[in-house]
Amino acid sequence: MILYRCRTPTNWLCRCGTVARRLQKSGIDFEEVHVAQRRSQRLEILELTGQTWVPVLVDGEEVVSDSHRILEYLSSRDGSRAP
């Protein structure tokens, strides 16, 4: 899995960190890609999702954007309830 996220240096200040904490808590191996601060420079995110907001989770062929949707996706994937 790949988590595209903002450059915030901690997992406690943003929704990207919420997703990262959930992945860690679930024991899921993932790679973090810190994207450009300016949304206009997030070309890879635009290519993947058609928009420039993060977080974005890529799981094989599955691309999920929006932290709430990502948490729901992770819950359905591992059979747990969304927080």
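Among the candidates ARG5, ARG81, ARG15, which residue alone is touching a helix residue (DSSP H, G or I) at 6+ places or on another chain (Cβ under 9 Å) and either modelled with pLDDT under 95 or among the aliphatic types (A, V, I, L, M) (or both)? Just one listed residue meets the conditions, ARG81. Scanning region 18-41 for residues that are in contact with a strand residue (DSSP E or B) (Cβ under 8 Å, 6 or more places away or on another chain), within 12 Å of TYR4 (Cα to Cα) and open to solvent by less than 60 Å² (accessible area, probe 1.4 Å) yields a total of 5. Against the test of being surrounded by 15 or more Cβ atoms within 10 Å (Cβ to Cβ), touching a helix residue (DSSP H, G or I) at 6+ places or on another chain (Cβ under 8 Å) and at pLDDT 95 or above, the options LEU48, LEU74 yield a single qualifying residue, LEU74. Looking across region 51-71, the residues that are open to solvent by 80 Å² or more (accessible area, probe 1.4 Å) and in a loop (DSSP other than H, G, I, E, B) come down to TRP53, GLU61.
The values are calculated or read from the model by the stated rules, or taken from the named source; none is laboratory data. Because the structure is a prediction, the values reported are computed rather than measured. Because the Cβ atoms are built from the backbone with ideal geometry, glycine has one as well, and the counts that use them run over all protein chains shown. Surface accessibility is based on the protein's heavy atoms, side chains included, excluding ligands, DNA and RNA. Shrake-Rupley method; radii C 1.70, N 1.55, O 1.52, S 1.80 Å.
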